[in-house]
Amino acid sequence: MFISLCIGSMLQYFLNAHLSFLLYFPASSCGIPSYAPNIARVVGGEDATPHSWPWQISLQYDKSGVWAHTCGGTLIDTNWVLTAAHCISNTRTYRVLLGKQNLEVEEAGSVAAAVEKIIVHEKWNSFLIVNDIALIKLADHVQLSDTIQPACLPPNGAILTQDFPCYITGWGRLWTNGPISDDLQQALLPVVDHATCTKWDWWGSNVKETMVCAGGDGVVSGCNGDSGGPLNCKVTDPWEVHGIVSFGSGLGCNTRKKPTVFTRVSAYIDWINEVCVNPLKQALGV
């Protein structure tokens, strides 16, 4: 069982008479890319197969009149994006770029979407780095296609086992203090269970129950610019996004026993639904 989309927003979309969307893109189509990702290679990061992670977005901000990549994120509905709270600043103007492989070239099927509002978790704590999650509501619904599709979310409370194979994706730095990648990257990051990740020589008490760790081999990890992006895991047929890139080691991106730490999405399913569904219920008088 998996959670496909922000149900309330989808209902609103249907009520606006977009019945063709319902017929062509059923909720069960989430997490199934038109172009299959290449997961045969298991060592090191590599360029992703174009559009094989169609829910991956680039969160960009206006930098003196030029749009610049700052974080990743996940499309979870036609007008909702999931990202990290630490990616958001009240002083910046944002847009969301969807359907992209290379951030430096024009690509058919890509869309630049304006932002209507951003909801940061009310208990986000930048000192402890807890509740590092935010939702971005797009100004308009995006048209789904082969290059733009929503992710599936895991069941409420789902926990992945030790060494479960997941993939991090993003345009982050290729190595510590290195350049930002132009092409979307992917890398295998096996899950590190909570008991291991909270050992004193790993992350200790810095890791909470609402987080999930992956990697830690000292070779592959997330890096600056990957923040907010997804941890993609194939538990059943559709891919599910189980994590939001939150933090890593200050000693370097690829530090042994310091796996990339993600906000565990399954710990926030109720919050996601609260943000997406309740305003619609109130509007409909439900």
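In the stretch 52-80, which residues are over 14 Å from the mean Cα position of the chain (by Cα) and within 11 Å of LEU103 (Cβ to Cβ)?
Result: GLN60, TRP67, ALA68, HIS69.
Answer yes or no as to whether TYR13 is modelled with pLDDT of 50 or more, more than 14 Å from the chain's Cα centre (by Cα) and not in a loop (DSSP other than H, G, I, E, B).
no
For the stretch 179-187, indicate whether the set of residues that are part of a helix (DSSP H, G or I) and over 22 Å from HIS86 (Cα atoms) is non-empty.
So far as the stretch 179-187 goes, no, none of its residues is part of a helix (DSSP H, G or I) and over 22 Å from HIS86 (Cα atoms).
Being small (Gly, Ala, Ser) and open to solvent by 20 Å² or more (accessible area, probe 1.4 Å): is that true of GLY215 here?
no
Does any residue of the stretch 162-170 turn out to be under 29 Å from VAL220 (Cα atoms) and aliphatic (A, V, I, L, M)?
Yes, some residue in the stretch 162-170 is under 29 Å from VAL220 (Cα atoms) and aliphatic (A, V, I, L, M).
Output the strands (runs of 3 or more DSSP E) that fall wholly within the stretch 49-144 and possess 3 or more residues being open to solvent by less than 20 Å² (accessible area, probe 1.4 Å) and over 14 Å from ILE244 (Cβ atoms), or say none.
By residue number, 94-98.
The values are calculated or read from the model by the stated rules, or taken from the named source; none is laboratory data. Predicted, not measured: the structure shown is a model, and the values here were computed from it. Cβ coordinates were reconstructed from backbone atoms using ideal geometry, including for glycine residues, and neighbour counts include every protein chain displayed. Keep in mind that these areas ignore ligands, DNA and RNA; they rest on the heavy atoms of the full protein, side chains included. Shrake-Rupley method; radii C 1.70, N 1.55, O 1.52, S 1.80 Å.
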